[in-house]
2 protein chains.
Amino acid sequence: MRTTAVILKRRPNGRPDLQDFALETRTLAEPDPGQVLVRTLSLSVDPYMRARMNPGGSYMPAYELDAPMSGHFVGEVVSSLDPRVPIGSVVAAVGDWQEYVVLSGGQVELLPDREPSPDIYLGPLGMVGHTAYVGLLDIGRPVAGETVVVSAAAGAVGSLVGQIAKLKGCRAVGIAGGPEKCRYVVDVLGFDACVDYRATDFPDTLQAACPNGIDIDFENVGGDILGAVWPLLNNNARIAVCGLIADYNQEAPSPAPPLVDLLTKRVTMHGFLIMDHADRLADFRRDMRRWLETGALSLRSHVVRGLERAPEALIGLFSGDNLGKSIVQVADRREAPAQP
Amino acid sequence: MRTTAVILKRRPNGRPDLQDFALETRTLAEPDPGQVLVRTLSLSVDPYMRARMNPGGSYMPAYELDAPMSGHFVGEVVSSLDPRVPIGSVVAAVGDWQEYVVLSGGQVELLPDREPSPDIYLGPLGMVGHTAYVGLLDIGRPVAGETVVVSAAAGAVGSLVGQIAKLKGCRAVGIAGGPEKCRYVVDVLGFDACVDYRATDFPDTLQAACPNGIDIDFENVGGDILGAVWPLLNNNARIAVCGLIADYNQEAPSPAPPLVDLLTKRVTMHGFLIMDHADRLADFRRDMRRWLETGALSLRSHVVRGLERAPEALIGLFSGDNLGKSIVQVADRREAPAQP
C-alpha cells in the first residue's frame with residue numbers, strides 16, 4: 001500500500017521555509033496483528049514542532065531528516081487487527097503526517113461514537129486544552145480577583161487560558177499581534193483587555209491594562225513580551241512558562257529579565273510540559289466537557305485544507321496567521337458506520 | 001540617656017566602605033509605658049543589608065542616611081515598663097545598631113531562661129536557620145538520593161542548608177571561595193563535596209562533583225555561579241532563590257541563564273523571603289532544636305568584637321571573610337539574675 005507523506009528534507013535556519021519540506025509517496029506495510037490502519041482526517045500543527053526540527057531536538061527527539069513529520073491527529077480506522085479497535089472507529093493518536101498511518105491498537109484513543117466534531121480532540125479536549133488547564137490551574141493557581149496575563153492570546157492555548165481565567169473570576173489580559181486579533185480576544189473570547197505587542201507604546205498599554213499589576217503570567221512567547229510583563233509582576237506572582245516561541249527560530253535565546261526581581265517579589269517561575277501531567281487528564285476532560293456543553297467557551301479553528309499544505313500551516317504559526325487552533329484537514333470523514 | 005550608634009553616612013557605590021559609616025553618640029528617650037530598654041549583647045550582619053543601603057531599598061525599606069543601621073540582635077533587658085518582660089530577660093529583636101535600644105515589649109522575643117548561648121538566635125535558631133529550613137524543605141522539596149547544590153556553602157545559611165540536606169538523605173555539594181573554605185565545608189560540615197568557584201576549572205569540577213546532575217539549587221549568589229549550575233540541572237529541578245549576593249554590589253544585574261532550559265527541563269525557580277514564612281517558625285524551631293540537641297549539626301560563628309567594628313563585619317561578608325554566621329559581639333552578658 002502507498003501513502004502520501006510530508007517529509008522533513010532540511011533543517012531550518014531560523015524560521016522554517018516551504019523548501020524544508022517535500023511531499024513524497026511512501027510504501028506502508030500492512031498492519032501486523034495488534035495493529036490498525038488509520039486514515040488521517042485532521043492533523044494538528046503546534047509551535048513545539050519547530051524545536052523538534054533542530055538537530056538536537058528539545059525535550060522530544062529531533063525529527064529525522066528524510067522521514068515524515070509527525071504529531072497529534074485524528075483519523076478513522078479502515079482496517080484493524082486489534083479486536084479492541086473496530087473498523088470505522090474515530091481515533092486520536094500521535095503519528096506521521098501521512099494520508100494513512102499504521103499504529104498499534106494501544107497507541108490510539110477511541111473517540112466517542114458519532115462525535116460530531118472529532119477535531120475538538122486536537123483543540124480544547126486535546127493536548128492544547130490540557131496544557132491551558134494544567135498551566136493555568138496547577139502552575140498558575142489563580143485566585144478570584146487576580147490579574148492573569150496571557151501572551152499569544154489569540155492562539156490555541158492562549159485563547160483557552162484567558163477564558164478559563166474568566167471562569168475562575170480573574171481579570172484576563174491578552175497580548176496579541178495587531179488590532180484585529182486584539183478585537184477578537186476581547187469581543188469574541190471575552191478577555192477584559194488585549195494589548196497589541198506590535199504597537200510602539202506596548203509596555204505602557206500593558207501597564208494601563210493591568211492597573212493592579214500582574215499575579216499570573218501564562219507565558220507562551222518570552223523575549224521582549226516577557227520583558228514588558230516583568231516589571232508589572234506583583235509580589236508572589238507565578239509565571240507558567242508554557243512556550244518561548246520568540247526563541248524557537250533564533251540561534252541565541254533572548255536575554256532573561258533581571259533575576260533580582262524574582263527574589264524581591266517572591267516570584268515563582270515554572271516551566272512545564274504537558275506530557276508530565278497525565279494524572280490530570282481525567283479532571284481536565286471532565287471540566288472542559290462541562291464548559292463546552294454549557295457554552296462557556298468560544299472556540300475558533302484556523303483550518304487549512306490538504307495534507308500538502310501542512311508545512312504552510314506550520315510556518316504560519318510563526319508569522320501569527322492563526323486565530324485559535326491551527327488544524328490541517330486532510331480528508332473528509334466517511335459516512336458514520338451503521339448502528340448495530 | 002546617651003548611647004553609641006553606628007550611623008549610615010553615605011550610600012555605597014558598589015561594595016560598602018568604612019567611610020560609609022560613622023560612630024556617633026545619640027540621645028535615647030526614656031522608655032514609655034509598654035516599652036523596654038535593652039542592652040545589646042550581639043548583633044547580626046547579613047548580606048540583605050547591602051540592598052537596604054541603596055536609595056530605593058529592596059523588599060525592605062532603605063536605611064535612612066544619618067540614622068542608625070539596624071537588624072537582628074540579642075540583648076538583655078535593663079529597664080522595663082512592660083510587665084511581660086522582666087528586667088534581666090535575654091531577648092531577640094530587630095533594632096538599631098546601638099549599645100542600648102528602646103523597643104516596645106511586643107517587639108522582643110523572650111529567650112529561654114539561662115540560655116547558655118543566646119547568639120544561637122542570630123544563627124541556627126534565628127532568621128538564618130529559618131531561611132535554610134524553609135528554602136530547602138518547602139521550596140526545594142528534597143527527596144532522599146537527590147543532589148543538592150548550595151552556593152556560599154561556608155556562609156551562615158549555606159552551611160545549614162547542606163547539613164539539613166544530608167539529614168534528608170541527599171548528596172550535598174557546596175560551592176565556596178578558596179580551598180580553605182572548601183575543606184571546612186567537607187571536613188567539618190560533612191558535605192559530600194565542595195567546589196572552589198575561584199578555580200579556573202570551576203564549571204568542570206562542579207560537573208564532576210555532580211555525577212547525577214543537580215536536582216535542587218539553593219542559590220545564594222547568582223551571576224556566574226548560577227551560570228555554572230544551570231546546564232547541570234536535571235528535569236524537574238528546583239531552584240530556591242535565597243540571595244543574589246553577586247548582584248548586590250553591582251549597578252547592573254548579571255544576565256540570567258537562557259530560559260528555554262527552564263521549559264525543556266521543567267525547572268521551578270522560586271524567589272523567597274523568609275518574612276513570608278512565619279507559619280513555619282514553630283516547625284522549624286522544633287526540628288532545629290532537636291538537631292542541635294543531638295549534635296547533628298556543626299556550627300561555627302565568625303565573631304567580631306565591638307560595636308564600632310560592625311561596619312567592618314558587614315563589609316567582610318562581601319569579600320568572603322566569614323566561615324559560618326557573622327556576629328558582632330557588642331557587650332558581655334551581666335551575671336544571670338538570681339533565681340527566685
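FYI, it's all coordinate maths here, none of it is from the lab. The structure presented is a predicted model; accordingly, all values stated were derived computationally and were not measured. Note: ideal-geometry Cβ built from the backbone for every residue, glycine included; neighbour counts use all protein chains shown.
Annotations for the structure displayed:
- Derived scalar couplings ³J(HN,Hα) [the range A:113-123; Karplus, 6.51 cos²θ - 1.76 cosθ + 1.60; whole Hz; x for Gly, Pro]: 3, 6, 4, x, 9, x, 4, 4, 7, 9, x
- Shielding score for A:267-278, defined as the mean number of other chain Cβ atoms within 10 Å: 5
- For the range B:261-317 versus the range A:110-172, the gap between their alpha-carbon centres in whole angstrom: 40
- For the protein assembly as shown, the number of Lys pairs separated by eight or more positions or lying on different chains, with C-alpha atoms closer than 25 Å, is 15.
- Computed over chain B, the per-residue total of -39500 (n - 2.57) for DSSP H runs of n ≥ 4 gives a 222 nm mean residue ellipticity of -6000 deg cm²/dmol, rounded to 500.
- Taking amide H as placed 1.01 Å from N in the peptide plane, the amide H of B:V330 sits under 5 Å from that of B:S42, B:L43, B:G306, each at least 5 places away or on another chain.
- Cα gyration tensor shape for the range A:277-340, rounded if a/c is under 1.5, else prolate or oblate: oblate
- A simple rule links phi to the HN-Hα coupling: the Karplus curve 6.51 cos²θ - 1.76 cosθ + 1.60 with θ = phi - 60°, which for the range A:98-112 gives 9, 5, 10, 9, 9, 9, 6, x, x, 8, 10, 9, 6, 8, x Hz, with x for Gly and Pro.
- FRET E, pair A:D32, B:V143, Förster distance 35 Å, beta-carbon r, rounded to 0.05: 0.25
- For the range A:196-235, the relative contact order is 46 percent, taking Cα pairs closer than 8 Å that sit 6 or more residues apart in sequence and dividing their mean separation by the residue count.
- For the range B:1-39 versus the range A:197-220, the gap between their alpha-carbon centres in whole angstrom: 43
- Cut-off under 5 Å, modelled amide H: who pairs with B:A62 long-range: B:G57
- Amide H within-cut-off set for B:H302, under 5 Å, with H built and near neighbours excluded: B:K325, B:S326, B:I327
- Once the Cβ-Cβ distance of A:L167 and A:A278 is raised to the sixth power relative to R0 = 22 Å, the FRET efficiency obtained is 0.40.
- Within 10 Å of each Cβ in A:302-315, the average number of Cβ atoms from other chains: 0
- Of the residues B:F191, A:F202, the one with the fewest other Cβ atoms within 10 Å heads the list, and the complete ranking is A:F202, B:F191.
- When the Gaussian network model of chain A links Cα atoms closer than 10 Å, the mean-square fluctuations of A:G158, A:G88, A:G295 top out at A:G295.
- Fewest-first sequence of A:D119, B:D201, A:D261, A:D332 by Cβ atoms within 10 Å of each Cβ: A:D332, B:D201, A:D261, A:D119
- Chain B, dipole about Cα centre (Lys/Arg Cβ +1, Asp/Glu Cβ -1), debye to the nearest 20: 380
- Fraction of antiparallel bridges per DSSP, the protein assembly as shown only, in percent to nearest 5: 55
- Each residue, A:Q19 and B:E64, gets one label point 7 Å from its Cα in the Cβ direction; the gap between the two is 7.0 nm.
- Dipole of the protein assembly as shown [Lys/Arg +1, Asp/Glu -1 at C-beta], most positive-end residue of A:A208, A:A156, B:L136: B:L136
- With the simple model of a label 7 Å out from the Cα in the direction of the Cβ, B:S104 to A:Q207 spans 3.6 nm.
- Positive-pole candidate from B:P231, B:N13, B:L23, dipole of chain B, charges at beta carbon: B:P231
- Chain B - Rg and Dmax from Cα coordinates, angstrom: 20.5, 66
- Note on A:49-60: average number of Cβ atoms from other chains within 10 Å of each residue's Cβ is 1.
- In terms of packing, defined here as the mean over residues of other Cβ atoms within 10 angstrom, the peptides B:132-138, A:216-222, A:233-239 line up highest first as A:216-222, B:132-138, A:233-239.
- Unpaired cysteine residues in chain A (no second Cys Cβ under 4.7 Å): A:C170, A:C210, A:C242.
- Beta-bridge orientation, chain B: approximately 55 percent antiparallel, per DSSP, counting only bridges with both partners inside.
- Overall dimensions of the range A:139-213 by Cα: Rg and Dmax, Å: 11.2, 32
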